[in-house]
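The values are calculated or read from the model by the stated rules, or taken from the named source; none is laboratory data. Because the structure is a prediction, the values reported are computed rather than measured. In this analysis, Cβ positions are derived from the backbone assuming ideal geometry, glycine residues included, and neighbour counts consider all displayed protein chains. Protein only, heavy atoms only, side chains kept; ligands, DNA and RNA dropped before computing areas. Shrake-Rupley method; radii C 1.70, N 1.55, O 1.52, S 1.80 Å.
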Amino acid sequence: MKNTLYGVLGSLLSVTAFADSGAQKDQYQLNLSKGVTDISGQVYDLHMLMFYICVAIALVVFGVMFYAMYFHRKSRGAKPAHFHESVKVEIAWTVVPFIILIFMAVPAAKTLIAMEDSSKADVTVLVTGSQWKWHYKYMDRDLSYYSLLATQPEQIQNKFAKGENYLLEVDRPLVIPTGKKVRFLITSDDVIHSWWVPDFAVKKDANPGFINEAWTRVDQPGIYRGQCAELCGKDHGFMPVVVIAKDPAEYEAWVSEQEAIQRKAKEEEQKLLAMNMSMEELMSVGERVYNTSCAACHMPNGEGLPGVFPALKGSDMALNDMPAHIDIVVNGKSGTAMQAFGKQLSLKELAAVITYERNAWGNNTGDTVQAKDVNAVMNGQ
Amino acid sequence: MSTATEHAHDDHHHHMPTGIKRWIFTTNHKDIGTLYLWFAFIMFLVGGAMAMVIRAELFQPGLQIVEPNFFNQMTTVHGLIMVFGAVMPAFTGLANWLVPMMIGAPDMALPRMNNWSFWILPFAFIILLASLFMEGGGPAFGWTFYAPLSTTYSGDSTALFVFSVHIMGISSIMGAINVIVTIWNMRAPGMTWMKMPLFVWTWLITAFLLIAVMPVLAGAVTMVLTDKFFGTSFFDAAGGGDPVMFQHIFWFFGHPEVYIMILPAFGIISQIVPTFSRKKLFGYASMVYATTSIALLSFIVWAHHMFTTGMPVAAELFFMIATMLISVPTGVKVFNWVATMWRGSLTFEVPMLFALAFIVLFTIGGLSGLMLAITPVDFQYHDTYFVVAHFHYVLVSGAVFSIMAAVYYWLPKWTGKMFDVTLAKWHFWCSLISVNVLFFPMHFIGLAGMPRRIPDYALQFADFNKWISIGGFAFGLSQLIFLAVVIKACRKQGEPVSDQVWEGAEGLEWEIPSPAPYHTFETPPVVK
Ligand code: HEM
Ligand SMILES: [Cu+2]
């Protein structure tokens with residue numbers, strides 16, 4: 001019974017192997033995808049090799065077993081034989097599996113060694129995980145940004161219909177060039193995460209305080225989706241990875257454009273220091289920032305999760321101590337899940353979100369916080 | 001305590017305390033075995049209820065029933081309860097009942113420690129379960145409690161988690177010492193090492209594994225405790241520690257631990273298959289050697305759980321090859337069982353049904369284990385539902401099925417009555433079908449890319465998850481049939497059985513009367 005199951009399964013898997021050439025993920029994908037790199041293809045081949053060897057072993061073992069179950073039944077009048085050992089047979093079934101293992105180990109070792117050689121890279125990206133987002137920094141360029149889940153909370157709470165890329169979409173994907181060896185340096189700001197893109201066969205843990213390496217070379221332009229693979233706390237299921245591979249010219253244009261945008265934003269920041277924003281503007285920007293950056297822990301209603309994440313609604317810091325409030329948002333609190341948002345958000349966003357926290361949910365302090373107040377704390381004043 | 005002491009001395013006069021006191025003060029291996037088995041069953045149902053919560057949440061994409069933080073507590077506590085509360089105590093219960101009866105000893109060697117090792121267990125689990133009701137909830141970092149998620153980033157309930165794991169560990173170590181001392185010193189005259197039933201052999205080796213690795217677990221939880229509450233930095237790079245070192249320590253315990261949960265199962269299957277094949281076990285000696293080599297190898301494969309942590313290539317190759325090697329002695333076991341059946345005279349009573357299901361389904365789990373051993377492919381499988389499928393095949397349709405096989409096999413000896421065979425067959429077939437609906441599709445969604453330990457998932461995984469949840473509910477309900485069979489049996493309903501119970505059963509436990517009297521082998525039998 002089980003052996004036929006495996007047989008059917010084998011044929012099913014080989015059918016999908018052909019059907020799965022398109023990038024579109026289908027509802028009934030049964031098998032590993034071949035991916036889009038030389039390495040991921042090798043990994044897929046190894047997987048299939050292992051699978052077929054395992055099916056063959058299963059067929060033989062279960063075949064013999066089911067034969068005995070049918071033909072050596074007492075109800076068919078079977079009389080028990082008296083043998084209970086055989087040195088020859090026992091040696092054979094120790095040695096033969098051994099030889100099969102060698103057949104598996106040799107190609108596996110070859111692929112493994114190729115996978116772990118991240119030398120001579122053309123582009124290097126520093127990937128940093130934190131609860132619950134990824135940060136990308138192009139090491140040889142002037143560009144870095146955070147990448148957050150873009151699925152609306154209403155979809156997760158079943159209030160809106162779920163989109164096609166539900167939970168597999170981000171606001172700012174990582175962009176890499178095709179045909180180039182891209183090296184990833186992977187680390188973490190807090191707990192262990194794991195950066196995984198199945199189509200590249202790259203999965204590497206992001207360990208706080210240590211840097212891991214991985215690499216890929218993608219030949220086809222496209223959008224590739226993955227997820228964090230290591231349990232990293234409450235929203236582990238909500239930190240996807242999206243990578244866009246563009247051909248080198250487009251990639252180059254994209255990077256230059258982004259660099260220019262980031263440079264310009266920094267200049268704008270300086271101008272902001274001399275200006276005062278209105279309460280309305282601060283509150284509306286603040287609400288948006290709060291919901292993307294803070295609500296995961298402190299919850300949309302500001303009440304936090306008792307015993308895990310503190311409430312901001314009615315908290316002493318949000319009602320009274322403004323300098324401490326700015327400080328904790330900018331610099332975080334070490335030894336806790338409270339991150340330093342100073343490097344993640346702009347001055348304007350920081351000012352807005354702090355203002356929001358001091359006035360939302362009945363906190364009503366009436367305080368406004370301006371970019372220059374935040375800047376002062378950042379510069380240690 | 002004084003009553004217990006007295007009664008330990010004048011047991012044979014049979015003024016046993018009755019009612020609850022009998023159970024609290026008992027030093028009788030059969031009573032303690034029963035306590036362990038009931039405790040394990042209750043924990044199996046409690047852990048199972050948590051699995052139902054998990055599967056209900058995963059029935060559909062989106063968050064419906066529980067919050068992510070509570071979901072993580074459910075996966076964590078489910079794992080801890082099933083491993084430390086259900087599977088391990090069930091095997092200890094079986095060892096208590098059976099080891100003395102199989103080697104012709106009157107009781108366990110250290111009966112009062114035996115009482116103690118059981119009675120601290122309920123407290124460990126009350127503490128663990130109570131932590132779920134703390135502000136902030138119970139442990140939410142997975143049963144593997146990787147630092148720093150379990151240290152800097154965990155809730156205050158971590159202290160209770162650590163305390164309860166310590167108690168579980170002490171209990172296991174005491175149980176293991178008892179098994180070793182009993183087997184070493186109390187075998188009946190003529191019961192030489194190579195005449196011992198395989199269940200006794202596998203438990204002896206398991207007990208050594210327990211003594212070797214439970215202290216390592218205790219060390220790991222203690223370091224978590226001091227990192228979290230007392231300012232040490234074993235696992236914190238900022239203070240010169242290393243979070244990956246936690247994983248090395250944990251899996252140095254963890255991998256032998258998985259063999260702790262399967263070696264006694266190998267022993268059980270090696271008792272049952274010969275009985276219902278009416279033929280001696282094939283390759284007895286090679287079974288003993290295979291068990292020993294599995295146990296030794298289990299100490300040098302731990303890092304196969306850590307391939308993605310960024311080890312040097314040489315280490316990855318070493319652990320890949322060592323892990324592949326383990327499948328050789330594991331294969332020998334399976335081949336021996338099949339060879340035992342070959343040209344036997346087979347019948348399919350309920351214990352045999354479970355044993356056969358074990359052989360097939362455990363082998364499937366072993367083969368997916370072999371696939372997982374291949375490092376470059378493990379990068380794709382790791383931390384996906386493929387791994388979840390693998391370890392549930394070896395643990396549920398492996399270890400748990402073997403425990404059920406054992407209960408059906410020895411229950412008539414314990415109660416003196418045949419259990420309700422019709423109900424038991426219902427239990428078997430419902431469990432067999434639902435366990436596969438539950439765990440087989442997990443291979444597919446794992447390969448298709450669904451990570452484990454997530455409360456919500458992308459839409460392409462929706463259909464299989466629905467089936468998995470349906471299988472899960474069906475498997476959960478099927479265990480209520482088991483409960484019914486066992487309750488009926490405990491009420492001594494059913495046909496009386498002979499001393500041998502099963503035609504073809506051999507061994508000392510089948511030579512004593514059914515039901516087994518409260519005291520057996522007060523004068524040792526002579527084994528020829
Ligand atoms: C042929 C024998 C086996 C081999 C080669 C094998 C191999 C592996 C490998 C390589 C992994 C790590 C997968 C990953 O995380 O990427 C794994 C996970 C696991 N295995 Fe096995 N295994 C075998 C048998 C068993 C047995 C007998 C048990 C228990 C009864 C078991 C229980 C587990 C558990 C519980 C995990 C997952 C632990 C976790 O991450 O939570 N395995 N196995
Ligand atoms: Cu392992």
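Observations, loosely collected:
- The residue that is most open to solvent (accessible area, probe 1.4 Å), among those in the stretch B:287-297 that are away from ligand 2 (no atom under 15 Å from the Cβ) and either within 19 Å of B:SER368 (Cα to Cα) or away from chain A (no Cβ under 11 Å) (or both), is B:THR292.
- From the list B:PRO139, B:PRO89, the one residue that fits, being in a loop (DSSP other than H, G, I, E, B) and open to solvent by less than 10 Å² (accessible area, probe 1.4 Å), is B:PRO139.
- Within this structure, A:GLU349 passes the test of being touching a Phe, Trp or Tyr at 6+ places or on another chain (Cβ under 9 Å) and either farther than 28 Å from B:ASN72 by Cα or open to solvent by 30 Å² or more (accessible area, probe 1.4 Å) (or both).
- Candidate set: the stretch B:460-486, residues that are open to solvent by 70 Å² or more (accessible area, probe 1.4 Å) and more than 22 Å from the chain's Cα centre (by Cα); chosen: the one nearest to B:ALA405 (Cα to Cα): B:ILE470
- Test for B:LEU198: is it closer than 21 Å to B:ALA90 by Cα, within 14 Å of another protein chain (Cβ to nearest Cβ) and open to solvent by less than 20 Å² (accessible area, probe 1.4 Å): yes
- Applying a threshold of 6 Å to beta carbon distances and a minimum spacing of six or more residues, or different chains, the list of pairs starting in the stretch A:208-220 at a residue that is at the interface with another protein chain (Cβ under 9 Å from one of its Cβ atoms) and assigned to a strand (DSSP E or B) and ending at one that is at pLDDT 95 or above and open to solvent by 80 Å² or more (accessible area, probe 1.4 Å) is empty.
- Selection status of B:PHE391, over 23 Å from the mean Cα position of the chain (by Cα), open to solvent by 10 Å² or more (accessible area, probe 1.4 Å) and modelled with pLDDT of 95 or more: no
- Of all residues in the stretch B:331-355, those satisfying the criterion of being part of a helix (DSSP H, G or I) and either modelled with pLDDT under 95 or facing chain A (nearest Cβ under 7 Å) (or both) are B:GLY331, B:VAL332, B:VAL334, B:PHE335, B:VAL338, B:MET341.
- Residues of the stretch A:175-188 that turn out to be more than 8 Å from A:ASN207 (Cα to Cα) and open to solvent by 10 Å² or more (accessible area, probe 1.4 Å), as a count: 6
Here is a yes/no grid of residues against (1) in a loop (DSSP other than H, G, I, E, B); (2) within 16 Å of ligand 1 (Cβ to nearest atom); (3) more than 30 Å from A:VAL87 (Cα to Cα); (4) within 14 Å of another protein chain (Cβ to nearest Cβ):
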{"site": "B:VAL213", "(1), (2), (3), (4)": "no, yes, yes, no"}
{"site": "B:PHE235", "(1), (2), (3), (4)": "yes, no, yes, yes"}
{"site": "B:PHE266", "(1), (2), (3), (4)": "no, yes, no, no"}
{"site": "B:ILE269", "(1), (2), (3), (4)": "no, yes, no, yes"}
{"site": "B:VAL273", "(1), (2), (3), (4)": "no, no, no, yes"}
{"site": "B:ALA285", "(1), (2), (3), (4)": "no, no, no, yes"}
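- Condition check for B:PRO256: under 15 Å from B:THR206 (Cβ atoms), more than 10 Å from ligand 1 (Cβ to nearest atom) and touching a residue at least 40 places away in the same chain (Cβ under 8 Å): yes
- Near pairs, Cβ below 7 angstrom, 6+ apart or cross-chain, from the stretch B:324-345 (farther than 15 Å from A:VAL89 by Cα) to any residue that is open to solvent by less than 10 Å² (accessible area, probe 1.4 Å) and within 9 Å of ligand 1 (Cβ to nearest atom): B:MET324/B:ALA373; B:ILE326/B:ILE294; B:ILE326/B:VAL301; B:THR330/B:ILE294
- Among (1) away from ligand 2 (no atom under 16 Å from the Cβ); (2) away from chain A (no Cβ under 14 Å) - the single one B:VAL258 does not satisfy: (1)
- Residue match in the stretch B:363-378 (condition: of a type in the set (A, V, I, L, M, F, W, C) and either touching a strand residue (DSSP E or B) at 6+ places or on another chain (Cβ under 9 Å) or away from chain A (no Cβ under 14 Å) (or both)): no
- Among the conditions (1) over 23 Å from the mean Cα position of the chain (by Cα); (2) of a type in the set (Phe, Trp, Tyr); (3) open to solvent by less than 10 Å² (accessible area, probe 1.4 Å), the only one that B:PHE348 does not satisfy is (3).
- Selection from the stretch B:361-386 of residues that are within 8 Å of ligand 1 (Cβ to nearest atom) and part of a loop (DSSP other than H, G, I, E, B): B:HIS382, B:ASP383
- Test for B:GLY446: is it crowded, with 21+ Cβ neighbours inside 10 Å, more than 14 Å from every other protein chain (Cβ to nearest Cβ) and assigned to a helix (DSSP H, G or I): no
- Qualifying residue in the stretch B:496-508 (condition: in contact with a Lys or Arg (Cβ under 7 Å, 6 or more places away or on another chain), closer than 15 Å to B:PRO197 by Cβ and either touching a residue at least 60 places away in the same chain (Cβ under 8 Å) or aromatic (Phe, Trp, Tyr) (or both)): yes
- Hits in the stretch A:166-215 - residues which are of a type in the set (Val, Ile, Thr) and farther than 18 Å from A:HIS135 by Cα: A:THR178
- Among the residues of the stretch A:298-331, those identified as touching an Asp or Glu at 6+ places or on another chain (Cβ under 9 Å) and within 14 Å of another protein chain (Cβ to nearest Cβ) are A:HIS298, A:LEU305, A:PRO306, A:GLY307, A:VAL308, A:ALA311.
- Long-range neighbours under 6 Å by Cβ, at least six apart or interchain, first residue open to solvent by 50 Å² or more (accessible area, probe 1.4 Å) within the stretch B:298-314, second assigned to a helix (DSSP H, G or I): B:ILE300/B:ALA322; B:TRP302/B:TRP251; B:TRP302/B:PHE252; B:TRP302/B:HIS255
- Count of the stretch A:284-300 residues which are open to solvent by 50 Å² or more (accessible area, probe 1.4 Å) and in contact with a helix residue (DSSP H, G or I) (Cβ under 9 Å, 6 or more places away or on another chain): 5
Residue-wise test of (1) free of Cβ contacts under 8 Å to residues at least 60 places away in the same chain; (2) open to solvent by less than 20 Å² (accessible area, probe 1.4 Å); (3) in a loop (DSSP other than H, G, I, E, B).
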| site | (1), (2), (3) |
| --- | --- |
| A:LYS204 | yes, yes, no |
| A:LEU231 | yes, yes, yes |
| A:VAL241 | no, yes, no |
| A:ILE244 | no, no, no |
| A:GLU250 | yes, no, no |
| A:ALA253 | yes, no, no |
| A:SER256 | yes, no, no |
| A:ALA260 | yes, no, no |
| A:LYS264 | yes, no, no |
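- When residues in the stretch A:73-85 are screened for being facing chain B (nearest Cβ under 8 Å) and either assigned to a loop (DSSP other than H, G, I, E, B) or acidic (Asp, Glu) (or both), 8 of them pass.
- With respect to the conditions (1) over 22 Å from the mean Cα position of the chain (by Cα); (2) in a helix (DSSP H, G or I), B:PHE59 falls short on a single one, namely (2).
- The set of residues from the stretch A:121-150 being without any contact (Cβ under 8 Å) to a residue 40 or more places away in the chain and within 14 Å of chain B (Cβ to nearest Cβ) comprises just one member, A:ALA150.
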